[in-house]
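**Student:** Can you read through this structure? Questions will come right after.
The values are calculated or read from the model by the stated rules, or taken from the named source; none is laboratory data. The shown structure was predicted, so the numbers you read here are calculated from the model rather than taken from an experiment. Heads up, the Cβs are rebuilt from the backbone with ideal geometry, glycines too, and the neighbour counts pull from every protein chain shown. Just the protein is used for accessible areas: all its heavy atoms, side chains included, with ligands, DNA and RNA removed. Shrake-Rupley method; radii C 1.70, N 1.55, O 1.52, S 1.80 Å.
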Amino acid sequence: MNMLDLTFAELENAEFVLYEGNPVIRSRFFDPVIADPSVVTPDESHDGKWYLFAHSLAGVRLYTSDDGIVFDGGKRVLSRAMRADVIRMNGVYHIYYERLQPVLTRAKGLAGGKWKSDIYVVTSADLKHFSKPEPVLTFDRAYERTVKGGHSLSNPFLLADGSGYKLYYSAGLTFIEDCGFSEPTYICLAESAEPLRGFVKNPAPIIYPDERSRFFNLCCGCLKVYKLKDGFAGVQNGIYLEDGMSKSAIQLLYSADGVRFEFAKTLLEPRVHAGSDWMAQFVYASHLVKTGDKLRLYFNARDKANMLRGKENMGFAEAGLGSGEVKP
C-alpha cells in the first residue's frame, strides 16, 4: 500500500549500496529501453513471487522472480503504455499507466508533431487477465500542455494513506537537447475518495523546475511518495544540467502533509559502477520497497544521452535496517 513502517530519520540514515550484479534486467538490442520499475514484493503478491512492471519501446512488460534479483525474460502485458504503477488493494491489482496514442500517430509526435498522453488504469486478480483500460486523469490544465498543442500526463503513482487516495503524476514535457527527446516538466497531485475515479486535481503543480537548484534545474522527472510513521517520503529523479550535459539523480524528499516537499539528501547519482558505464549519465525513475529487514530501491539508468546510442537497463540498491548491516 506504499506505506513503510519507518520514521523519516530511519529512512534518511539508510545507506543504499548498489548490487554488484547490476543491471538485473537488460534492454534488448532491438529495443534499447527498459524503464520505470514498479515492484510487487512476495508479501504483497497473490502467489508469493516478485513481480516487476517496466516499459520498453513496445509497451509495458511484466517480469517475474523468486528472489527479486533473477527475473524471467518478461512479457508484454499492455500496449500503447509506459510508466506503469501497480498497487494491490483488497486482492486486486490496480495498474495505472501513461496511455499513448496509436503507434503511427505517436511516431509523428516524436518527429515533431503533437504528443498526447493521459493516465489510464486496468485491474487484474492474477496478472494474467486484465480489465478494459479506463481513463483516470485526462488533459484539462494549461500546465499539462506540450509544444505544438499536445499534452502529457505521465508517471502515475497512487498512495492510499488511510484517508483517501493521492495520485501523484507528471505533467508537460521539456525537450532535453543532448538527449534528443523530452522529459516531464512538473509534478502534480490529484485526490479522490475512490481509487478508480473521482480524482480532483490540485489547481497548480506541487513541484516546479528550479534553475537555482543543482538537481532540478531542467525539469522534475517523476515522484514516488510513501507514508511513514511521522510524515511522508518522496523519492524523485530530477533532470538537471551540469557541465554542459544533462543528467538525472535520485533524491530523497520530506513532507509533513504529502503536498509540500523539501529536499533531504541524494540517494543515487550517475557513476561508473563495477567497471560498467550502464548508469554513467542518468539514474532515473525508481520504486522503493521493504523486504524483511532491508530496503530495496529499484531504478532504471542510462549510459549516455544520445537518443540513438544510449541504452537503459534496470538495477537496484539495497540498505539494511536495524543492525545497520548492508549486503550488496
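**Student:** With the requirement that a residue be within 27 Å of GLU12 (Cα to Cα), touching a residue at least 60 places away in the same chain (Cβ under 8 Å) and of a type outside the set (Val, Ile, Thr), what does the range 187-225 give you?
**Tutor:** Matches in the range 187-225: LEU189, PRO205, GLY221, CYS222, LEU223, LYS224.
**Student:** Kindly establish whether GLU134 is loosely packed, with under 15 Cβ neighbours inside 10 Å and either over 16 Å from ASP118 (Cα atoms) or among the β-branched types (Val, Ile, Thr) (or both).
**Tutor:** no
**Student:** Still on this structure: Among the residues of the range 226-263, write down those that are touching a residue at least 60 places away in the same chain (Cβ under 8 Å), outside any loop (DSSP other than H, G, I, E, B) and among the charged types (D, E, K, R).
**Tutor:** Correct list: LYS227 only.
**Student:** I want to confirm something. Restricting to the range 137-151 and keeping residues that are exposed (fewer than 15 other Cβ atoms within 10 Å of the Cβ) and of a type in the set (A, V, I, L, M), which single residue is modelled with the highest pLDDT?
**Tutor:** Looking at residues that are exposed (fewer than 15 other Cβ atoms within 10 Å of the Cβ) and of a type in the set (A, V, I, L, M), I get ALA142.
**Student:** What number of residues in the range 205-241 are of a type outside the set (Val, Ile, Thr) and touching a Lys or Arg at 6+ places or on another chain (Cβ under 8 Å)? Talk me through it step by step, then tell me what you get.
**Tutor:** Step one: list which residues in the range 205-241 are of a type outside the set (Val, Ile, Thr), which gives 205, 208-224, 226-234, 236-238, 240-241.
Still in the running and touching a Lys or Arg at 6+ places or on another chain (Cβ under 8 Å): 222, 234, 236, 240-241.
Total meeting the criteria: 5.
**Student:** Select the strands (runs of 3 or more DSSP E) contained entirely in the range 1-110, then report the ones holding at least 2 residues which are among the polar types (S, T, N, Q) and at pLDDT 95 or above.
**Tutor:** Qualifying strands (runs of 3 or more DSSP E): 59-65.
**Student:** SER163 is checked against (1) open to solvent by 20 Å² or more (accessible area, probe 1.4 Å); (2) part of a strand (DSSP E or B) and fails just one. What number does that condition carry?
**Tutor:** Here SER163 clears every test but (2).
**Student:** In the range 180-200, which residues are under 12 Å from LYS166 (Cα atoms) and open to solvent by 20 Å² or more (accessible area, probe 1.4 Å)?
**Tutor:** The answer is GLU191, ALA193, GLU194, PRO195, LEU196, ARG197, GLY198, PHE199, VAL200.
**Student:** OK, next. Quick one: which of SER255, SER248, SER286 is open to solvent by less than 20 Å² (accessible area, probe 1.4 Å), among the polar types (S, T, N, Q) and under 21 Å from ARG28 (Cα atoms)?
**Tutor:** SER286
**Student:** Can you name the residue in the range 27-44 that is hydroxyl-bearing (Ser, Thr, Tyr) and farther than 11 Å from GLY68 by Cβ and, of all such residues, is nearest to the chain's Cα centre (by Cα)?
**Tutor:** For the range 27-44, the residue satisfying everything is SER38.
**Student:** Within the range 153-171, track down each residue that is in contact (Cβ under 8 Å) with a residue 40 or more places away in the chain and either more than 14 Å from ILE95 (Cβ to Cβ) or aromatic (Phe, Trp, Tyr) (or both).
**Tutor:** Residues satisfying the conditions are LEU153, SER154, PHE157, LEU159, ALA160, ASP161, GLY162, LYS166, TYR168, TYR169, SER170.
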